[in-house]
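Comments concern the structure below.
The values are calculated or read from the model by the stated rules, or taken from the named source; none is laboratory data. Computed from a prediction, not measured in an experiment: that's the story for all the values here. A quick note on method: Cβ atoms are made from the backbone with ideal geometry, for glycine too, and the neighbour counts reach across all protein chains shown.
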Amino acid sequence: MFFTVKRFLKSEYAERINSQDQKNLALLAKVFPFKVSRYVLDELIDWRNYDDDPVYRLTFPRKSMLSDRHWNMMENLSSVEEEKKVVNLIRHSLNPHPNGQKKNIPKIGDRSFGGLQHKYRETVLFFPAQGQTCHSYCTYCFRWAQFVNLDEHKFKSKDHKDLYDYLLVNPDVTDVLITGGDPLFMPNKTLFSYLDVLTMPELSHIRSIRLGSKSLSFYPNRFLGEEGDEIIYKLKQIIKSGKHIAFMAHFSHPNELSTEKVTRAVERLRNAGVEIRSQAPLIKGINDNPETWRDMWQKQVEMGIIPYYMFVERDTGAHNYFSVPLFRAYEIFTEAYSQISGLAKTVRGPSMSADPGKVLIDGIVEYEGAKHFVLKFIQARDASQINKPFFAKFNENATWLDELEIEEDLSDNSVKADGYFSLPQNIYFNS
Ligand code: SF4
């Protein structure tokens, strides 16, 4: 069972939080999407200390996510019309559509493929309409605009033909990521209908199917019982046919790996031959310390999950509330990374999924008394830029790429090392 704000506030669970938090939640859920699964409420949140609990913080919005001004506006609403206006104004002020995602919608001639994104040559993202929701919503979600009434910002498609037609004429594409929301929210029948498109003989160039999902964290029952039997069988068949299936899991905190249900779900997926990789953003108040990441990566290795990415929180939604300065993100990553064995060092980060590509913070160096960030693309719209380090002036307040000043001339002086170079700034900020 899943709880909307109304259902939650009417349920026995509401009594576990104080009356002020109940009132705040009712107001906040008008702006931010709110949904939470019974599994999260029953098995992941420690209600004795809910205010500090990382999974409570992960799923329940709080007052400080809004600026004082916006909070006052919400508290003083006088009519339904005003509420609509104010909510809309606040949502639009929260950068609902970060990092040039609209630019990624592909076209063939005049035909636009609105449910797809194609940013990197090998990989296409597909947004099935029925998967544009999740088993619970994360307070820091970077796709929150998908879940609220900001129609012009939605990416979704229920058109199998779009998926088929686009891939048929793009033989360079080897990977398709089915994403959302959470595609595992779809019933098996619907999910399988899309998987069947990807396994058609004409699309034999599709070698890997990725499923981007937080279901292992929010609803591991999805892989247990009869419904679970069906999906495990289906995935096994696809793997037997020669395709690779990568489950792009989203774990934000080691507590999400602690239940018997998630252990069993992971085991079943692995036994079917599915590779599970794990990624999550670094979020203030939820996982902004090295011990949390160290423990999470270590536990993942023990469970057979491959640590994959630590992301920098994107500049959308309550970014001011959740973001961690880039230099601190680098420190947290480095400290955690230095305490894990080589098996967990598959993880990459901290990485910004920005408009031009995935930018890794690769180091902080000092030269002539000044500090600099060392950055590099690990994925890029322009593949020629990948894996070539470049520099930005150190800025202790910067939380995202566009707050950094890229240095064009550092590579001309003696700090230059083989392979280091710099690029014109307009390459990075041309959106
Ligand atoms: S699971 Fe992903 S898409 Fe769903 S709310 Fe969380 S971050 Fe957003």
Residue that is closer than 30 Å to His92 by Cα, away from the ligand (no atom under 12 Å from the Cβ) and part of a helix (DSSP H, G or I), where the choices are Gln130, Gln146
Gln130
Return only the number of the condition from (1) touching a Gly at 6+ places or on another chain (Cβ under 6 Å); (2) closer than 22 Å to Tyr337 by Cα that Arg270 does not satisfy.
(2)
Just to be sure, is Ile361 among the β-branched types (Val, Ile, Thr), in contact (Cβ under 8 Å) with a residue 24 or more places away in the chain, surrounded by 18 or more Cβ atoms within 10 Å (Cβ to Cβ) and part of a helix (DSSP H, G or I)?
no
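Conditions (1) within 21 Å of Leu44 (Cβ to Cβ); (2) not aliphatic (A, V, I, L, M), marked per residue:
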{"site": "Ile178", "(1), (2)": "no, no"}
{"site": "Gly181", "(1), (2)": "yes, yes"}
{"site": "Thr190", "(1), (2)": "no, yes"}
{"site": "Leu198", "(1), (2)": "no, no"}
{"site": "Pro201", "(1), (2)": "no, yes"}
{"site": "His205", "(1), (2)": "no, yes"}
{"site": "Ser208", "(1), (2)": "no, yes"}
{"site": "Phe218", "(1), (2)": "yes, yes"}
Pairs please, first residue from the stretch 135-154 and under 20 Å from Val86 (Cα atoms), second anywhere and at pLDDT 85 or above and of a type in the set (S, T, N, Q), Cβ atoms under 7 Å, 6+ apart in sequence or on different chains.
Thr139/Thr59; Gln146/Gln132; Phe147/Thr133
Only one of Arg69, Arg38, Arg7 is at pLDDT 95 or above, of a type in the set (Lys, Arg), farther than 21 Å from Glu260 by Cα and surrounded by 14 or more Cβ atoms within 10 Å (Cβ to Cβ). Can you tell me which?
Arg7
Pairs returned, first residue in the stretch 212-228 that is closer than 16 Å to Val274 by Cβ, second residue that is more than 16 Å from the ligand (Cβ to nearest atom) and of a type in the set (Ser, Thr, Tyr), beta-carbon separation under 9 angstrom, 6 or more apart or interchain, are Pro220/Thr259; Pro220/Thr263
So which of Leu58, Leu25 ends up being at pLDDT 95 or above, more than 18 Å from Asp182 (Cβ to Cβ) and either touching a strand residue (DSSP E or B) at 6+ places or on another chain (Cβ under 6 Å) or assigned to a helix (DSSP H, G or I) (or both)?
Leu25
Taking the stretch 218-267 and keeping residues closer than 15 Å to Gly304 by Cβ and surrounded by fewer than 17 Cβ atoms within 10 Å (Cβ to Cβ) leaves Thr263, Arg264, Glu267
Please go through the stretch 84-127 and pick out each residue that is part of a helix (DSSP H, G or I) and surrounded by fewer than 16 Cβ atoms within 10 Å (Cβ to Cβ).
Lys84, Lys85, Asn88, Leu89, His92, Ser93, Lys102, Lys103
First in the stretch 157-185 and on the phi > 0 side of the Ramachandran plot, second anywhere and part of a loop (DSSP other than H, G, I, E, B) and within 16 Å of the ligand (Cβ to nearest atom), Cβ under 8 Å, 6 or more apart:
Gly181/Phe127; Gly181/Gln132; Gly181/Thr133; Gly181/Cys134; Gly181/Arg143
Selection status of Glu331, closer than 26 Å to Met65 by Cβ and at pLDDT 90 or above
yes
